[in-house]
1. If you find the alpha carbon centre of region 336-353 and of region 108-178, how far apart are they in angstrom?
2. Ignoring ligands, DNA and RNA, what accessible area per residue does region 87-155 give at 1.4 Å, in Å²?
3. May I ask you to evaluate 6.51 cos²θ - 1.76 cosθ + 1.60, the Karplus curve with θ = phi - 60°, for each residue of region 170-186 and list the ³J(HN,Hα) values in order in whole Hz, giving x for glycine and proline?
4. Glu366 accessible area, nearest 10 Å², 1.4 Å probe?
5. For region 30-152, give the magnitude of the charge dipole about the Cα centre (Cβ charges: +1 Lys/Arg, -1 Asp/Glu; no others), in debye to the nearest 20.
6. Please determine, in degrees from 0 to 90 and to the nearest 10, the orientation of helix 357-373 with respect to the longest principal axis defined by the Cα atoms of the chain, where the helix direction is its Cα long axis.
7. Test of understanding: what is the full-extension gain from Gln362 to Met115, defined as 0.36 nm times their sequence separation minus their Cα-Cα distance?
8. So, counting K/R as plus one and D/E as minus one, what does the shell of residues with Cβ under 12 Å around Ala104 add up to?
Amino acid sequence: MKSQKVKTHSFFYCLFFICIGFFHSAQASQNNSSSEIFGNVSESVFVPDVSKEIFHLLKNRPELTIDHLSDKGFELYGPKGTIAFLRNNKINFNQVDSISNQLAATYPSPEEIEMELRSLTTKYSNISRLFSIGSSVKKRPLWVIKISKDVAVDDDRPEFKFIANMHGDEIVGRELMVRLIKDLLNQYGKDPQITNLIDRVQIYIMPSMNPDGAALKSRGNANSVDLNRNFPDFSTNDNKDITTGREPETQAVMIWETKRRFKLSANFHGGAEVVNYPWDTIGTDFPKKDLVKELSLEYASLAPYINSSTTFENGITNGFDWYEVNGGMQDWSIYYKKDLQLTVELSNQKWPDYSRIDYFYQQNKEALLQFMERAL
Ligand SMILES: [Zn+2]
């Protein structure tokens, strides 16, 4: 079904690019179900494309995922056969910068993150609770920490959430979340802003939605599926808010969100430095455009390196204006769950030298706290 997740205008493109249509049909014939194609990110490249010609050529192909469009080009992900398809069509590409194993080895493993979260929630059990909302493909628990005064009580105070690392190879968000959790817990009763937040908001933080991808240093989960293209999308024919056929990580977040009443949230990525506001999936104005722009500007203005972007004015962008995303978590959570969500791209480098993580945290700390306060 999901390969039909195509808008009407993409049919128009298909007519134009019928010469390259063989790729889609060749792929479909290799799969029993076409749903295996959509969001599959087995192969990845960087396509240099200053004129954006290739971008316009490929952007509506449902089996391909475009990410981090810039004036230099874009990242392109797709199923096995994508690279052969590019070669056959004489489209130039480079290998995506591979993450050096040496550098990656300096980052904690998903299991070390789990141990850290366990130890923190044991130490601060009066204001924190660790629980899993499901399991990844490789059966890793999907950990969420709740931080709040009277943490065991589920009451009427506003609910807020952060989710990071849904793309496994975008690791900075996970590290920032662990640092934020530590600060929240050990500054409670000391720092007035943090104390006020924990007293008045029920804070939920999921440092890693894709621990398998983090372990594999891959964008997709262990099934090579892009979780940020795996949610229901109100603008396509995959628009039923049902979990059937989706990845376990996506299902876990969907079910969890259905049980809660989040009003504000953010999800964190890497590969660019910008605050992205809805919609991602359609070009018409978001009903609360002024509010989401204001929230984005506020975040960016408190994160100096994002605000001083030379690529994005004031460090913010409308999602669709940047590039269209179908099946993303941001638009799903707003459209189906009335949970207002921004997407924050934290770092141009997906795995910066680990020693730079503290710099990124310090640059984002005020913005993170202020954004949480907006839940009030
Ligand atoms: Zn991402």
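1. If you average the Cα positions of each part, the centres end up 16 Å apart.
2. Values: 4250 Å² over 69 residues.
Each residue of region 87-155 exposes 62 Å² on average to a 1.4 Å probe.
3. 10, 9, 4, x, 4, 5, 5, 5, 5, 5, 5, 4, 4, 5, 4, 5, 8
4. Using a 1.4 Å probe on the heavy atoms, I get roughly 90 Å².
5. Values: 15 positive and 14 negative charges, 66 e Å.
Here the size comes out at about 320 debye.
6. Result, in degrees: 70.
7. On the way: separation 247, 0.36 × 247 = 88.92 nm, distance 2.35 nm.
The span from Gln362 to Met115 would gain 86.6 nm if fully extended.
8. On the way: positive: Lys217, Lys350; negative: Asp169, Asp353.
Neighbour charge sum, excluding Ala104 itself: 0.
The values are calculated or read from the model by the stated rules, or taken from the named source; none is laboratory data. The structure presented is a predicted model; accordingly, all values stated were derived computationally and were not measured. Here Cβ is always computed from backbone atoms with ideal geometry, including for glycine, and neighbour counts include all displayed protein chains. When the accessible area is computed, the model is the full protein with side chains, heavy atoms only, and any ligands, DNA or RNA have been set aside. Shrake-Rupley method; radii C 1.70, N 1.55, O 1.52, S 1.80 Å.
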